[in-house]
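A quick write-up on the structure given underneath.
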Amino acid sequence: MGVELANERAQFLEMEEVNFTDNELVYHVRTALKSASSGDSESYDELIGVMHHRERLSPDEVAMLVTCLKALSGTVSCIDVVHHESLLSSIFGMSMWNYGPEVMDALVDLIISLAASSGKFVDSCLDMLIRNFVPPYSYLALLKQPRGLSRKDQVLSRVHSALESISHLVPLAPMRLLSLVIQRMPRQNDNETVMMTYVENMFKLESGSMGQLVGSTMLIAVVDRLLDLDLEIGWEDIVQDDSSKGIFEMELEDLEEDEEDLNDEGDELPGKHLSRNSLRGNVIAEKLDSLLVLTFEYLESCQGHGRLLEVFETLLHSFRITVLNAYKSKFAQFVMFYACALDPENCGVRFARMLVDIFVCHDHPPMTRMSAVAYLASYLSRGKFLSANYITTMLKRLVDWCLDYCNVQDGDVNPFAHRVFYAGCQAIMYVLCFRMTSIMSIPRLKSQLFLMPIETILKHKSDPLKVCLPSVVGEFLKQARAARLFTVTKTFIFDDILESELSRAFGGLERLDSFFPFDPCLLKKSDSFIRPNFIFWSMVKTTYDDDEDRDEDEEGSGDEDGEESVDGVGEDRRDRMATSFNEQDIDIEEFDYALNKMSITPKQSLMYKFGGGLEELVRMPSRIRPSTSPESL
């Protein structure tokens, strides 16, 4: 039912020539609605003409539209879904972005009255308000201008006020709102501004008066969309087979302006590497970057209002059921990292505890446990905000579980059967590659580390040193030897390789052997939030740095016994330390250095032989391809 658009303007002009008082117009509207129900549609069609008039309105036309809307608010009981279909279509099709405050207010009042009058209108009223979350496409460019932002505030404040009013009048409205918001949520390929504006409104719902009812669902939906965008970016988009650049060797730490400058820095990395350059122009990556920044800013707002811990519990639940088992996720997990950085004592501790609890629990599938311990290792290694004391506590839990496993397992090397055990061993070694020096700089923690039966675990018949990722094992052995943590008699020759057949076997199709989910963030805007809380490899002071510096000093002074300080004197020193350690009287200087101020990048010239057969024992963990997926192999 309706009228042709060509006639609507003429009918409106005819109606405009008649001078109605407000009361007369209310009566006229009521009569028009009743006449339409009985088959007389002339007055009803004139009313439709007023509602359809959407060109630039004169003051008189604005007054007429406002009066009609107010009159309709007082006659909602006369509106019928069947007989007044065209009128309802006109009302629900109106965009508040096209009108001034007076029309907006009158339209909002009408929508609230309709929702409260009958359950038949609730979904349509909610849907109309949700569609006003974002402006018409023709209006998007104006959002970058002051008047566009002013209109945005005017519209959205009224939209959310109306939603809250309807939720009070119709108790079941919030539940209906949930499904409608999720259905209307922009997809991966939608306009970035539309997506950002829509998610802003979802965050408003989460933090508003309906937050207790709809908040958790809003947050979970946002994380799901982040993950959807993340998984749209394939490894082929960011992994390059160009051996001429050593970009990832520097872990993007100095990659602010010109990546080409990295050609002159450090050694080259043969094979595949990651590059932020490869993401330039990637529309999906740009949307994901912007949406992550919006989420980070919202977390900051929650912290400012004392709600972060409440919101974090929802994020933790979402992470556990979605992100944790999304093995190709590269960026979405940084929402958890940033939340933990904002509140290390609560969120930071809670996150690590959940991960280790999942790992040690046999009720979870092996792949879930392996993913959890991979997240834990990467998190403990990279979080600048985590204390050495807490990291040592988490390491002890991992070591205790691995020791228990060794005590009940007698088998030989079996990458599949012992894959969870190997994942735990690799996590221990990976964390110590980053944290060994900071732990050993505190005598109490050093004592705890030396008491951990790491040597017993790594020398088990299942031979984790042979199965785990060679690049991690090599760096760990180098640091462990320099720290006199323990030594191995077997010679490991890795030929400077990142991975092996055995490591690939225990990692499975998901390649969890080379899954380091908190490796440097390749999204530029998001990285600006993560970077201050992040430990890059160049910040790490390794245990062998002092020895190598001393060796270089001795070479410069012509000390002929310089070589012996590694292979000869080192043995005596280790024996003395072991004796002192057994007597529980460790005599070591406590270094008070700040890890976040370190910027020492190991150079290839610092590599040395170990066990007589290991040349260039290790490639830095920073050279490991993070989160490697099967497609990239």
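Mind telling me which of the residues K120, K152 ends up being open to solvent by 20 Å² or more (accessible area, probe 1.4 Å), within 30 Å of D40 (Cβ to Cβ) and basic (K, R)?
Within the list K120, K152, the selection yields K120.
Would you point out which residue out of S167, S157, S161, S138 is open to solvent by less than 60 Å² (accessible area, probe 1.4 Å) and either within 19 Å of V122 (Cα to Cα) or part of a helix (DSSP H, G or I) (or both)?
Testing whether each residue is open to solvent by less than 60 Å² (accessible area, probe 1.4 Å) and either within 19 Å of V122 (Cα to Cα) or part of a helix (DSSP H, G or I) (or both) leaves just S167.
Of a type in the set (S, T, Y), open to solvent by less than 30 Å² (accessible area, probe 1.4 Å) and part of a helix (DSSP H, G or I): is that true of S77 in this structure?
no
Give segment 19-51 a look and list any residue that's open to solvent by 70 Å² or more (accessible area, probe 1.4 Å), within 21 Å of A63 (Cα to Cα) and at pLDDT below 85, or say none.
Result: N19, F20, T21, D22, N23, E24, Y27.
If I ask for residues that are in contact with a Pro (Cβ under 9 Å, 6 or more places away or on another chain), open to solvent by less than 20 Å² (accessible area, probe 1.4 Å) and either closer than 19 Å to V323 by Cβ or part of a helix (DSSP H, G or I) (or both), which ones from segment 206-225 would you list?
Hits for segment 206-225 are V214, R225.
Which numbered condition in (1) within 15 Å of Y137 (Cβ to Cβ); (2) open to solvent by less than 10 Å² (accessible area, probe 1.4 Å); (3) among the aliphatic types (A, V, I, L, M) is the only one that M196 fails?
Failing condition for M196: (2).
Identify, by number, the condition in (1) farther than 19 Å from H28 by Cβ; (2) modelled with pLDDT of 95 or more; (3) in a helix (DSSP H, G or I) that F133 doesn't meet.
Evaluating F133 over (1) farther than 19 Å from H28 by Cβ; (2) modelled with pLDDT of 95 or more; (3) in a helix (DSSP H, G or I) leaves (3) as the failure.
I'd like to check something: does segment 403-410 contain any residue that is crowded, with 19+ Cβ neighbours inside 10 Å, in contact with a His (Cβ under 6 Å, 6 or more places away or on another chain) and either in a helix (DSSP H, G or I) or of a type in the set (D, E, K, R) (or both)?
Taking every residue of segment 403-410 in turn, at least one turns out to be crowded, with 19+ Cβ neighbours inside 10 Å, in contact with a His (Cβ under 6 Å, 6 or more places away or on another chain) and either in a helix (DSSP H, G or I) or of a type in the set (D, E, K, R) (or both).
Report yes if V408 is of a type in the set (A, V, I, L, M, F, W, C) and without any contact (Cβ under 8 Å) to a residue 12 or more places away in the chain, otherwise no.
Here the answer is yes, as V408 does meet what is asked.
The values are calculated or read from the model by the stated rules, or taken from the named source; none is laboratory data. Model, not experiment: these values are computed from the prediction. Backbone-built Cβ (ideal geometry, glycine too); neighbour counts: all protein chains shown. The protein model used for the area step is the full one, side chains on, heavy atoms only, and it has no ligands, DNA or RNA in it. Shrake-Rupley method; radii C 1.70, N 1.55, O 1.52, S 1.80 Å.
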